[in-house]
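Undergrad: Quick one: the structure is below, and I'll ask about it shortly.
Coordinate-derived values only; no laboratory data. All values derive from a computational prediction rather than experimental measurement. Every residue, glycine among them, receives a Cβ derived from its backbone with ideal geometry; neighbour counts consider all protein chains shown.
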Amino acid sequence: NKIESDLQEELIQVKTSLSSIQSELQSLLQRQENLQERKSQLESEINRRVSSSSSQLDGEQDWSSEDFPWSKTLRSTLNSTFHMNDFRPKQLEVINASMSGRDVILIMSTGGGKSLTYQLPAILAKGITVVVSPLVSLMEDQLLGLRNLGIEARSLNASSTKEEVKHVHQSMTSQSPSFRLLYVTPEKISKSKRFMAQLEKCYKAGNLSRIAIDEVHCASQWGNDFRPDYKILGILKRQFPNTPIIGLTATSTDKVTLDTKKILNTPFALVFKTALNRSNLFYQVREKALSHDDVIADMVELINTNFSRDAGIVYCFSRKNCSEVSSSLNKRGIKSAVYHAQLEPIEKSRVHQMWTDNSIQVICATIAFGMGIDKPNVRFVIHHSLSKSVENYYQESGRAGRDGLPALCLIYFGFADVFKQSTMVMTERTGLDNLNQMVQYCLDLKSCRRNLISTYFGENWDSITCNEMCDTCAGMYEHSNIDVTSACQSLLSTIRLAEQKGEGNRLTGAKVVEAAAGRGKNKTLELKKFSASEVQRMIMHMMFKEFLREDFHFTPYSTISYLVPGPMASALTS
């Protein structure tokens, strides 16, 4: 009847108004976030200028000098123990500053030689250097490398035996410790009162010569890989004020660096930074095929054609993906194994050793593998699905070509993977913004990949030539500009109509593509001339321009991402 009809019409109007208000709120929250970001940037720049002025007034120390009391021994040990003839950029400055008792933050590109800046001083020091490392794989890789150099080092983690723990604890207070480096996880600092008690005894005995914190950006919630246990590391400076701290990372914006210094209680830490560009890496993005078999076939052809005898890493979205990809590669004659956080420690060690020894060619891994991995001859790093941020991608891809020779960094960019990632990172403080930047990197078919990365990190690489070491500069794509305004309007109308039909009719990204192809109950015939790939690119573009946004819905088993009109939707329809 008319009353029910009027009520239904009013209900639709109320829902529409609520949706509009929600979009406006989202826009205001985004603007607030942007202003907060700019505020932090300005504060960081002011602090930098003040620090710079103070340094100039005080007469800044020349940390690159070789006139320190330890300089001759440092140089000879570099050659005799590490078999290196010279220091890489910033290594000498960082070592001198740290050995002078200063706190240091080092931001150095993957493969730049961060480990040497605490390993070399550890050999020259009387006591023990404690290295806080987030991953068992990183520790094992470092311990293996040190063992090969004849350097005594130990680790304490969940798999350590009682005998190993007893030996380490005794050495920490001994007048002549049996090792120079001790690797522990941040959880050991935050959760083991027994270890912290022993660390205090080590400090009082004059044996705690230095604390190195690897992947130090994990301390900041503004970083790409925040880990709660890293926040407790601020206690180290409070408890051991005379022990210098060195924090190391491959990626850190000014905002993250400032936040990290506050968290670690090292406000006067010297910051050293090397250039991010690595000219030997070839960056490429390929559109991901819809079927698993097609993706694997392309990957196998790529490896067999270009890297038949070379080691590589394939990063996967989940443990299940790792197993699927590894199994498929093995069936096609490429020896591979799986590595993820849920493997037993002994299995992790076995897989890592097999890969290091070239018994297997490929490791199929989640991000639990790779931080600090020092296998120099990795010729390719393939991302089976996109990373959650440009920072993560820069780090993960940077495991390729650490020997300075050419290597490939390839992403298979799939539409569905964007929404898999967004439902995972939507609870993180900057998760969706970081993912959006990664999506833009993949979508861009015209800009130099190096320039896209440099812009993200706030570096100026305009003076650096890519030398056709990325797919766009190498001219691997043909593209043309076309007006898709009406097509985008049609997509927006399709989403709105589905939304008005009720809660159960809302559209995910996949359903919108299906509707555009003329299938399903929400089908539209206006977009049938466009391919699925073209529709997907339009949807991604509309999300970036805020014509569309994701609306997340929680179920008992998963998180679903629906596409709804964004804060700028009215501008598209006006």
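Undergrad: Roughly how many debye, to the nearest 20, is the charge dipole of the chain about its Cα centre, given +1 on each Lys and Arg Cβ, -1 on each Asp and Glu Cβ, and no other charges? Before the final figure, lay out the partial values.
TA: Values: 67 positive and 62 negative charges, 292 e Å.
Around 1400 debye, computed over the chain.
Undergrad: How much FRET efficiency would the formula 1/(1 + (r/R0)^6) give for HIS479 and SER76, where r is the Cβ-Cβ distance and R0 is 51 Å, rounded to 0.05? Write out the running numbers ahead of the final one.
TA: Working: r = 56 Å, r/R0 = 1.10.
Plugging the Cβ-Cβ distance into 1/(1 + (r/R0)^6) gives 0.35.
Undergrad: Let me ask another. Nearest 500 deg cm²/dmol is fine: what mean residue ellipticity at 222 nm does the chain get from its DSSP H runs of n ≥ 4 alone, each adding -39,500 (n - 2.57), divided by its residue count?
TA: Working: 21 runs with 265 residues, N = 574.
Rounded to the nearest 500, the figure is -14500 deg cm²/dmol.
Undergrad: Quick one: SER291, SER349, SER570, SER490, fewest Cβ neighbours within 10 Å first, how do they rank?
TA: Sorted ascending by nearby Cβ count, the order is SER291, SER570, SER349, SER490.
Undergrad: Determine which lysines satisfy two conditions relative to LYS501: a Cα distance under 25 Å, and not lying fewer than 8 residues away in the same chain.
TA: The reachable lysines, counting only those whose Cα sits under 25 Å from LYS501, are LYS2, LYS15, LYS511, LYS521, LYS523, LYS528.
Undergrad: Among HIS340, HIS383, HIS83, which comes first, second and so on when ranked by fewest other beta-carbon atoms within 10 Å?
TA: With the fewest neighbours first, HIS340, HIS383, HIS83 line up as HIS83, HIS340, HIS383.
Undergrad: What's the FRET efficiency of LYS162 with ARG227 using the Cβ-Cβ distance as r and R₀ = 25 Å, to the nearest 0.05? Present the calculation step by step, with values, prior to reporting the outcome.
TA: Working: r = 27 Å, r/R0 = 1.10.
According to the calculation, E is roughly 0.35.
Undergrad: Cut-off is 10 Å between beta-carbons; in what order do SER454, SER174 appear when sorted fewest neighbours first?
TA: Values: SER454 18, SER174 14.
Going from least to most buried by this count: SER174, SER454.
Undergrad: How high is the FRET efficiency from GLN26 to LYS126, r the C-beta distance, R0 45 Å, rounded to 0.05?
TA: In this case the efficiency is close to 0.20.
Undergrad: Let me ask something additional. Cα centroid distance between the stretch 291-330 and the stretch 400-460, in Å?
TA: The two parts, judged by their Cα centres, are 20 Å apart.
Undergrad: Pairs LYS72/LYS166; LYS388/LYS446; LYS162/LYS201; LYS166/LYS262; LYS126/LYS255; LYS204/LYS237: which exceed 25 Å Cα-Cα?
TA: Numbers: LYS72/LYS166 36 Å; LYS388/LYS446 22 Å; LYS162/LYS201 19 Å; LYS166/LYS262 34 Å; LYS126/LYS255 36 Å; LYS204/LYS237 14 Å.
Beyond 25 Å between Cα atoms: LYS72/LYS166; LYS166/LYS262; LYS126/LYS255.
Undergrad: Please state the charge dipole magnitude for the stretch 103-258, taken about the Cα centre, from unit charges on C-beta atoms (+1 on K and R, -1 on D and E), reported in debye and rounded to the nearest 20.
TA: Working: 19 positive and 13 negative charges, 120 e Å.
I would put it at about 580 debye.
Undergrad: Counting Lys and Arg as +1 and Asp and Glu as -1, what is the net charge of the other residues whose Cβ lies under 9 Å from the Cβ of TYR477?
TA: On the way: positive: LYS446; negative: ASP471, GLU478.
Net local charge, TYR477 excluded: -1.
Undergrad: Using the Karplus curve 6.51 cos²θ - 1.76 cosθ + 1.60 with θ = phi - 60°, work out ³J(HN,Hα) for each residue of the stretch 407-415 in order, rounded to whole Hz, and write x for Gly and Pro.
TA: Once rounded to whole Hz, the list reads 8, 9, 10, 10, 10, 8, 9, x, 4.
Undergrad: I'd like the distance separating the alpha-carbon centroids of the stretch 156-179 and the stretch 374-399, in whole Å.
TA: 34
Undergrad: Using a simple charge model, +1 on the beta-carbon of Lys and Arg, -1 on the beta-carbon of Asp and Glu, nothing else, what dipole does the stretch 450-545 show about its Cα centre, in debye to the nearest 20?
TA: Roughly 760 debye, rounded to the nearest 20.
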